[in-house]
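Notes to accompany the following structure.
The values are calculated or read from the model by the stated rules, or taken from the named source; none is laboratory data. Given the structure is predicted, the values throughout are model-derived calculations rather than measurements. Reconstructed Cβ throughout: ideal geometry from the backbone, glycine too, with neighbour counts over all protein chains shown. These accessible areas exclude ligands, DNA and RNA; they are computed on the full protein's heavy atoms, side chains included. Shrake-Rupley method; radii C 1.70, N 1.55, O 1.52, S 1.80 Å.
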Amino acid sequence: WDETHFGKMGSYYINRTFFFDVHPPLGKMLIGLAGYLSGYDGTFPFQKPGDRYEHHNYMGMRGFCAFLGSCLVPFAYLTVLELSKSLPAALLTAFILIFDTGCITLSQYILLDPILMFFLMGAVLSMVKCNSCADRPFSASWWFWLSLTGVNLAGATGVKFVGLFVVLLVGLNTIYDLWDLLGNLSLSLVMFGKHLLARVLCLILLPLALYTAVFAVHFTVLNKSGPGDGFFSSAFQSQLIGNNLHNVSVPEHLAYGSVVTMKNLRMAGGYLHSHWHLYPEGIGARQQQVTAYLHKDLNNMWIIKKHDSDAADLSDPSSPVEFVRHGDIIRLEHKETSRNLHSHQHEAPLTRKHFQVTGYGINGTGDSNDFWRIEVVGRKSGKLIKVLRSQVRLTHVATGCILGSSGKTLPKWGWEQVEVTCTPYLKETPNSLWNFEDHINPKLPNISLDVLKPSFAEILLESHMVMIRGNSGLKPKDNEVTSKPWHWPINYQGLRFSGVNETDYRVYLLGNPVIWWLNLITIGLYLLIAVSMAVALKRGVQLTSELKELSRVVLRGGGQIMLGWLLHYLPFFMMGRVLYFHHYFPAMLFSSMLTGKYW
Amino acid sequence: MLGFLKQPIVVTAEINLNLVALTAMGLVTRLWGLSYPRAVVFDEVYYGQFVSLYMKRIFFVDDSGPPFGHMLLALGGYLGGFDGNFLWNRIGAEYSTNVPVWSLRLLPALAGALCVPLAYQILVELQFSHCAALGAALLILLENSLITQSRFMLLESILIFFILLAVLSYLKFYNLQRQSSFSGSWWFWLLLTGVACSCAVGVKYMGLFTYMLLLAIAGLHFWHMIGDQSFSNVSLMCHFLARGLALIIIPVAMYLAFFYAHLALLYRSGPHDQIMTSAFQASLEGGLARITQGQPLEVAYGSQITLRNVLGKPMQCWLHSHTNTYPIRYENGRGSSHQQQVTCYPFKDVNNWWIVKDPGMQQLVVSNPPRPVRHGHVVQLVHGITTRYLNTHDVAAPLSPHSQEVSCYIDYNISMPAQNLWRVEIVNRESDTDVWKTILSEVRFVHLNTSAVLKASGFIGASLPEWGYRQLEVVGEKLSKGYHQSMVWNVEEHRYGKSQEQKEREVELHSPTQMDISKNLSFMAKFTELQWKILTLKNEDTEHKYSSSALDWVTMDTNIAYWLHPTSGAQIHLLGNVVTWASANVAALVYVCLSLWYLIRRRRKIYDIPEDSWQLWVSAGSISVGGWVVNYLPFFMMEKTLFLYHYLPALTFQILLIPIVLQHLSDHLCRSLLLKSMFSALVVAWFSSVYLVYHTFSPVTYGEPSLAAPQLRALRWRDSWNILIRKQ
């Protein structure tokens, strides 16, 4: 199952090829490292679930994940022990985690989740430990646990963005802590400042630094061109060895007769693309499809022509080179199919209010709907257009609309490429801006393009933007088995990991129903107890000291765990992306700890 | 004696005079020249069609919100004697004489005008001075965007009215709490809070935010009451129950009542029928009901049926077959079984009829008594006109190669046996022995040999090429885990087959179905279905020329052009009062900073302001800043198309904050008399600038008088504003 993704990404690290994934790199880096140390050579293709590993050495990676997964048990044990000070409760929690089938399944394979849960539990444990050291601030163990919290936070966020929820949990806990200290009048403001600084240092600066370092390692390790290139901007690609933009030299200014590729400036925008297939019946005019395609392909090539002259005299080597200028009216001919980029007043396939963009004409002869005005953002007319660096807008002359990529994925007939439309709303967005990437013109001198080198901060920002886009873009496909958040706590439906109908042994992700139902009941029961205790306290009922101690454990310690559960569960209700059963597991850890405490 | 009589009269007269004056001014600003322009303005084109449908009693579904707001607009039309005959097709179209423009726009305008005294009263109830209250009311009065929005057939002003009413009545109730619990007026204001909340939610779902805020505040107040030892346990319980009744049960009941009225008013079938299930459609007059009235309820062996796909996307369609076969080879070179095509056809046709047959028997008529088909029974489906059996086998489907082809079996005498047994699974069954019912039962057909499920490919572009006449593809889905509507079918037309002979049967199939009994859904079933459809029906999110993002609103970076005179330069824009918007933002910022400052200082036991004015500051802030936050921040998480007018409820709360902050500043920060008078002078100057801006922008607020191009250009204070200037 998902081993195909993460195992493959581990291989990429070993092969040092660049790839793109919606999760931050730490988890995959660790997998790659484990594989590297155990002698895996990164050659297994990881093509589809159920393929056999055969002679490849995969035990290192699996063993690593399983080891981290088994660390959860002692972590949970220690946390509960610290919070409730009772051995039976801690043992019960540990047993629940040991015998939960779901946890076992999840940590046996090459997945990100065991790594994520490891860091997550580590953060919670060290936070709790740190709280219990609060009476001895600035002692060695206090510093140790505090900075360990920070390290684990960076780890959790570095594996998956779900780790941000635990950051939130720790953050809330810290704010509460500080508020307490602020109210303590015996503490001078200077001391309070020290407390504040220590926390800022360990919980904000340290994780940030580590997180950035992870990315720095990511980008230095992966310095070869690979399958993820197309998601990134031209400037980024020029950094990768083997990419056709690496150390490339192209003619600087755009000229008529040049062969070019155009890339959309939207984050993760594709190349302007066309192919022989036509739009299906009922979707605009039945002309050739024009799409945006994220991968490099011969079909991304376009030839720039003047709107009034033909191709023949341009290919004549003796004719002088003529540069394209800002404000010129041009025609773009698709190199493979010799059709012109065309638009007309038919509605676009998905974005109904935009116009459809097609390939039209035979061998370069079309009609006046093939004319586009080329404009550079922020420049005056008559200026030359620079390859890579100019941000270009293409305005359709006849209708006045602007060529843009809507970012929506076309259905099967469009090969799941991205829709390209002509938008009549003249808004300045990256959707409607393009730059020229490749530029082939034998008649022009080439110049080197080292000037494009982006700084590390820019790379970091860009990769985050791309990841966020990718995350929100994971929309459910037709017929895919997805689940809804409310399915999770009741163990409504599992997730098939591997084994199609033909094989005999299968792996199915499903929690231990007894444990899960118990957890659910505990949450309800806890809420009941907590509310009645809070009301009793508020009403000023006289309690015995034993009960008072109990209520402190219930409200404070239980509250922390409950908050953790809520933070890891509720946000999924608001997410539009594909959700799977395994997203519930972090929350499930919290509910198990809660269960352990109250029985 | 005389003094005793005099005093209350004077006091009440003073407040009333303020309020009356404010109400009058509100009415003047909102109602002046209301029927101008006599043309469709902006979203009137959208709400107007619903008003027309109400007038004609035709059923519709609007995914933008619950029906109460539409009903109120329709009430205006009803009072004005509107007959619903107007084609709402384009913004700017002239109204014909039968449209009572004035009365259609009256209700929103009245609601907008009443917001002015409401704002005044809210500040008074928050225990601020009349001066501050007057300021708040005047700011609302002179807010151009609120004026524009309330002068047309739009819902925001009604929504804001109910929101403010809910806040005011809660405050009244809370202030009465201290003196006289469970008195008549106490009950009145408590109940009014609930009613106003449900009305707000009924107008637009945005009202939910304010409702939640009030619930939270009420919860907090009750939490303080729990800590108060002077209440006995019993009286606490009574308080709790009273609040639960008024703030939860009554709003829910009211909300249901809106839908009840909606469904009671709209009993005719109309353009949105096909979104609903067959059962719902059958409950409407006309449309499907005309056909299905009087069909036998239970499907039996020998029944003649049409099967409708429950998904209804991209269009509603029925299981269909015709004599043409699948081409031997498709365009891309893949092979097919060359058997008779089975498709999903979006129109009624005689080829949509199928006969349910018992695999163990030969007869195609219903025996006497009929033998009903139950959940789990195995049947064959015989196509009525061609008498071929519905079949699926391990051949790739034409458009979805990962699924099985579905065909009507033709015996070519090659080694491809018929696999035509299907198990009927009723999805919405109550017990495992349920009978398959017409319209009501949602059924899956599971193929016995391959356990594939009969499914209509519901994706866009699922229509077959030329050889399949562009009808929609039907496949056998092998990965049948989970429930998806495209795999579920229901019987729509149904009759008991009587003729065994093929020729007779064809005649029978062509004849219309007979009438028998009718089926009616209960209100709750209709409500749940309609509510579910409203929440899940998602219009394809469209880009709009004037759509904006939530971030643009605070700084008013966008505007919306509502209307443009066909010849002159007169136009109406949704544009706020710049000074008010800017000062509201400043006020919010000052409030947050000052609160944080006070809070931290209080934590260190340093008290800058007296305790009661701190309480005042907190309660006023929790209403106005809280109202702003809950009505604004959720929009950052929404994915739908957003417009500037979505910000108006939040803006109203933010405007209420300005006088609160001003009064606090003058009371506590201006210590000396000189500072105080300087501050008042500043406030007066600032107020006159508010008026000045209101006056400057009033031509584009009211659409009168028409401005020339240079004047319009002068109004374009920001480059991002889109003011329409006619080219000469």
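The table below lists the values:
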item: Residue check, B:Val590 farther than 30 Å from B:Gly703 by Cα and β-branched (Val, Ile, Thr); result: yes
item: Verdict on B:Lys640 being open to solvent by 60 Å² or more (accessible area, probe 1.4 Å), basic (Lys, Arg) and more than 30 Å from B:Asn175 (Cα to Cα); result: yes
item: Only one of A:Ala134, A:Ala123, A:Ala154, A:Ala198 that is away from chain B (no Cβ under 14 Å), within 30 Å of B:Arg601 (Cα to Cα) and open to solvent by less than 40 Å² (accessible area, probe 1.4 Å); result: A:Ala198
item: Top-ranked residue in region B:264-301 [being buried (at least 17 other Cβ atoms within 10 Å of the Cβ) and among the acidic types (Asp, Glu); ranked as modelled with the highest pLDDT]; result: B:Glu298
item: Test: residue in region B:241-248 that is under 23 Å from B:Lys526 (Cα atoms), modelled with pLDDT of 90 or more and more than 14 Å from every other protein chain (Cβ to nearest Cβ); result: yes
item: Search result, residues across region A:249-297 that are within 28 Å of the chain's Cα centre (by Cα) and at pLDDT below 80; result: A:Leu265, A:Arg266, A:Met267, A:Ala268, A:Gly269, A:Gly270, A:Leu294, A:His295, A:Lys296, A:Asp297
item: Some residue of region B:704-726 being in a helix (DSSP H, G or I), in the same structural domain as B:Val590 (by the TED database) and in contact with an Asp or Glu (Cβ under 9 Å, 6 or more places away or on another chain); result: no
item: The lone exception for B:Leu364 - which of (1) surrounded by fewer than 22 Cβ atoms within 10 Å (Cβ to Cβ); (2) touching a strand residue (DSSP E or B) at 6+ places or on another chain (Cβ under 9 Å); (3) farther than 30 Å from A:Trp413 by Cα it fails; result: (1)
item: Tabulated pairs, region A:293-318, first within 21 Å of A:Thr358 (Cβ to Cβ), second surrounded by 12 or more Cβ atoms within 10 Å (Cβ to Cβ) and at pLDDT below 65, C-beta under 7 angstrom, 6+ apart or interchain; result: A:Leu294/A:Gly230; A:Lys305/A:Ala311; A:Lys305/A:Leu314
item: Criterion (at pLDDT 75 or above, within 14 Å of chain A (Cβ to nearest Cβ) and either touching a Leu at 6+ places or on another chain (Cβ under 9 Å) or surrounded by fewer than 19 Cβ atoms within 10 Å (Cβ to Cβ) (or both)) met by exactly one of B:Val475, B:Val443; result: B:Val475
item: Residue in region B:636-646 that is within 14 Å of another protein chain (Cβ to nearest Cβ) and in a helix (DSSP H, G or I) present; result: yes
item: Which numbered condition B:Asp83 misses (of (1) at pLDDT below 90; (2) more than 25 Å from B:His573 (Cα to Cα); (3) assigned to a helix (DSSP H, G or I)); result: (3)
item: Condition check for A:Trp302: within 14 Å of chain B (Cβ to nearest Cβ), at pLDDT 75 or above and either touching a Cys at 6+ places or on another chain (Cβ under 6 Å) or under 30 Å from A:Glu347 (Cα atoms) (or both); result: no
item: Selection status of A:Val535, touching a helix residue (DSSP H, G or I) at 6+ places or on another chain (Cβ under 9 Å) and modelled with pLDDT of 75 or more; result: yes
item: Residues satisfying the stated conditions in region A:336-377, i.e. touching a residue at least 40 places away in the same chain (Cβ under 8 Å), among the charged types (D, E, K, R) and within 14 Å of chain B (Cβ to nearest Cβ); result: A:Glu347, A:Lys353
item: Count - residues of region A:181-195 that are more than 10 Å from chain B (Cβ to nearest Cβ) and either of a type in the set (Asp, Glu) or loosely packed, with under 12 Cβ neighbours inside 10 Å (or both); result: 4
item: Selected residue (criterion: nearest to the chain's Cα centre (by Cα)) from residues of region A:406-443 that are hydrophobic (A, V, I, L, M, F, W, C) and open to solvent by less than 50 Å² (accessible area, probe 1.4 Å); result: A:Val418
item: Qualifying residues in region B:446-463 (those that are within 35 Å of the chain's Cα centre (by Cα) and either more than 30 Å from A:Gly414 (Cβ to Cβ) or at pLDDT 75 or above (or both)) - the one farthest from the other protein chains (Cβ to nearest Cβ); result: B:Leu454
item: Residue in region B:86-112 that is modelled with the lowest pLDDT, counting only those that are open to solvent by 30 Å² or more (accessible area, probe 1.4 Å) and touching a Lys or Arg at 6+ places or on another chain (Cβ under 8 Å); result: B:Glu94
item: Which numbered condition A:Cys71 fails, given (1) open to solvent by less than 40 Å² (accessible area, probe 1.4 Å); (2) modelled with pLDDT under 80; (3) not polar (S, T, N, Q); result: (2)
item: Out of B:Phe231, B:Phe209, B:Phe280, sole residue that is under 30 Å from B:Glu492 (Cβ atoms) and of a type in the set (Phe, Trp, Tyr); result: B:Phe280
item: Selected residue (only one of A:Lys427, A:Lys477 is at pLDDT below 70, within 14 Å of chain B (Cβ to nearest Cβ), in contact with a strand residue (DSSP E or B) (Cβ under 9 Å, 6 or more places away or on another chain) and assigned to a loop (DSSP other than H, G, I, E, B)); result: A:Lys427
item: Boolean, B:Trp563 is aromatic (Phe, Trp, Tyr), within 25 Å of B:Leu164 (Cα to Cα), more than 14 Å from chain A (Cβ to nearest Cβ) and not in a loop (DSSP other than H, G, I, E, B); result: no
item: Residue list for region B:307-345, restricted to those being β-branched (Val, Ile, Thr) and within 17 Å of B:Phe280 (Cα to Cα); result: B:Val310
